[in-house]
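The values are calculated or read from the model by the stated rules, or taken from the named source; none is laboratory data. Note that the structure is a prediction, hence the values are computed from the model and not measured. Cβ sites come from the backbone with ideal geometry, for glycine too, and all protein chains shown count toward neighbours.
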């Protein structure tokens, strides 16, 4: 593809012409009403944190810990579910630093 001023101006003109075209009418789709999530009992990390630190925390702080630990567990599950390709492995650069 030529990188001349003329080619750039043609591309800019084509983009502006496409922007001027009317879009097809979209009918709004009704959004389903979210069902309230059932009250979850603490699992895994939250249960461990409750066992260790419950005597030091207020009920509000315990609820925050439950939420935080649930977020950590779901994020960890998402990360474990993402499969890396061969070229996407983390780079291990081992260097010995001597003083």
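Details
- Test: residue in segment 45-53 that is more than 20 Å from the chain's Cα centre (by Cα) and in contact (Cβ under 8 Å) with a residue 24 or more places away in the chain: yes
- Within the option set 17, 25, 7, being modelled with pLDDT under 85, surrounded by fewer than 10 Cβ atoms within 10 Å (Cβ to Cβ) and in a helix (DSSP H, G or I) holds for one residue only, 17.
- Pair list, Cβ under 7 Å, 6 or more apart: segment 58-87 residue in contact (Cβ under 8 Å) with a residue 24 or more places away in the chain, other residue in a helix (DSSP H, G or I): 66/46; 69/45; 69/46; 69/49; 70/46; 72/45; 73/45
- Verdict on residue 60 being at pLDDT 85 or above, surrounded by fewer than 10 Cβ atoms within 10 Å (Cβ to Cβ) and out of contact with any strand residue (DSSP E or B) (no Cβ under 8 Å at 6 or more places or on another chain): yes
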